[in-house]
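*Asks:* Mind having a look at this structure? Questions to follow.
Values in this text are rule-based calculations from the coordinates and carry no lab data. Predicted model only: the values in this text are computed from it and were never measured. FYI the Cβ positions are ideal-geometry reconstructions off the backbone, even for glycines, and counts take in every protein chain you see.
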Amino acid sequence: MSPLSGTVVRIETQEGERETIVSESGIWEFADLPPGPYELHPVLARNLVLLPAFGIRDTLEPKGCAAVALRAQSNGHLIGHITSDVPLSKYYLAQVGVFRAEEKEIDLIRPFAEKFPDRESGNYDLGPLPPGKYFLAVILTNDNLDEAATFAPGTDVLGKARKIELGDGETISGLDFTITKPKFKERPTCCAFKIRVPQSLN
């Protein structure tokens with residue numbers, strides 16, 4: 001991570017709003033603040049999002065001092081829709097996961113990021129995500145804790161999966177899945193389900 005020098009940081013207190021600028025070393029400071037609740041909000045470019053996204057809220061004690069670290073992440077998103085011949089509610093778990101494409105193997109149980117699709121619409125929005133190359137999959141788990149995965153663009157074979165390149169702050173939509181007959185595989189352990197990434201995809 002590198003400091004976002006020149007970024008404006010705003011603070012709201014009971015006395016109003018003030019702002020300061022982040023230094024080249026990533027340091028910023030507010031002095032002589034009144035005691036009581038405050039909210040901090042950096043002014044970020046559209047390709048960035050604050051973590052946590054709702055900002056920083058806290059209370060300053062009389063004559064108090066608080067050290068606060070702000071962190072921003074690239075605001076990338078993968079968006080799509082899931083349809084299924086069998087209602088997803090019949091499965092113990094249905095989720096969408098992304099995996100870093102440069103890994104030698106992926107673990108279906110531990111995606112880099114994951115999201116449960118909306119139960120009624122089947123829509124999902126995965127993000128914020130940093131730029132990189134990813135595999136995207138719908139992961140199903142049945143009542144026996146067996147696993148099945150459908151990788152974009154619609155294959156259960158990782159070697160045929162699409163490698164998705166996500167740019168800084170980019171949104172890629174239309175990543176839709178149709179689930180027909182999941183091919184469940186017995187989970188080898190309670191905590192891992194790893195698939196080796198073919199060399200042709202690295």
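*Asks:* Considering only the other residues whose Cβ falls under 14 Å of the Cβ of Val22, what net charge follows from Lys and Arg at +1 and Asp and Glu at -1?
*Replies:* -1
*Asks:* Which trypsin sites (Lys or Arg not before Pro) in region 1-89 sit in a loop by DSSP (not H, G, I, E or B) and have at most 12 other Cβ atoms within 10 Å of their own Cβ?
*Replies:* Arg46, Lys63
*Asks:* Please turn the phi angles of region 15-28 into ³J(HN,Hα) values with the Karplus equation 6.51 cos²θ - 1.76 cosθ + 1.60 (θ = phi - 60°), one per residue in order, whole Hz, x for glycine and proline.
*Replies:* 9, x, 10, 9, 9, 9, 10, 6, 6, 4, 8, x, 9, 9
*Asks:* Collect residues whose amide H, placed 1.01 Å from N in the peptide plane, falls under 5 Å from the amide H of Ile179; neighbours closer than 5 in sequence don't count.
*Replies:* Here Thr83, Ser84, Asp85 satisfy the definition.
*Asks:* Another one. Once you put a point 7 Å from the Cα of Arg196 and another 7 Å from the Cα of Lys183, both along the Cβ direction, what distance in nm separates them?
*Replies:* Between Arg196 and Lys183, the label points sit 1.7 nm apart.
*Asks:* Same structure, new question: Can you count the Lys pairs in region 71-202 whose Cα atoms are under 19 Å apart, with each pair 8 or more apart or on different chains?
*Replies:* Number of lysine pairs found: 20.
*Asks:* Just Ile11, Ile82, Ile139 to compare: in a GNM of the chain, with alpha carbon springs under 10 Å, which one fluctuates most?
*Replies:* The residue with the greatest mean-square fluctuation here is Ile11.
*Asks:* Between Lys133 and Glu17, take the C-beta separation as r, use R0 = 35 Å, and let me know the FRET efficiency to the nearest 0.05.
*Replies:* 0.30
*Asks:* Mind listing the phi-derived Karplus ³J(HN,Hα) values for region 115-121, rounded to whole Hz, using 6.51, -1.76 and 1.60 with θ = phi - 60°, and x for any glycine or proline?
*Replies:* These are the phi-based 3J(HN,Hα) values: 8, 7, x, 4, 5, 7, 8 Hz.
*Asks:* Testing the spin-label approximation: label points 7 Å from Cα along Cα→Cβ at Glu61 and Asp156. State their distance in nm.
*Replies:* Those two pseudo-labels are separated by 5.9 nm.
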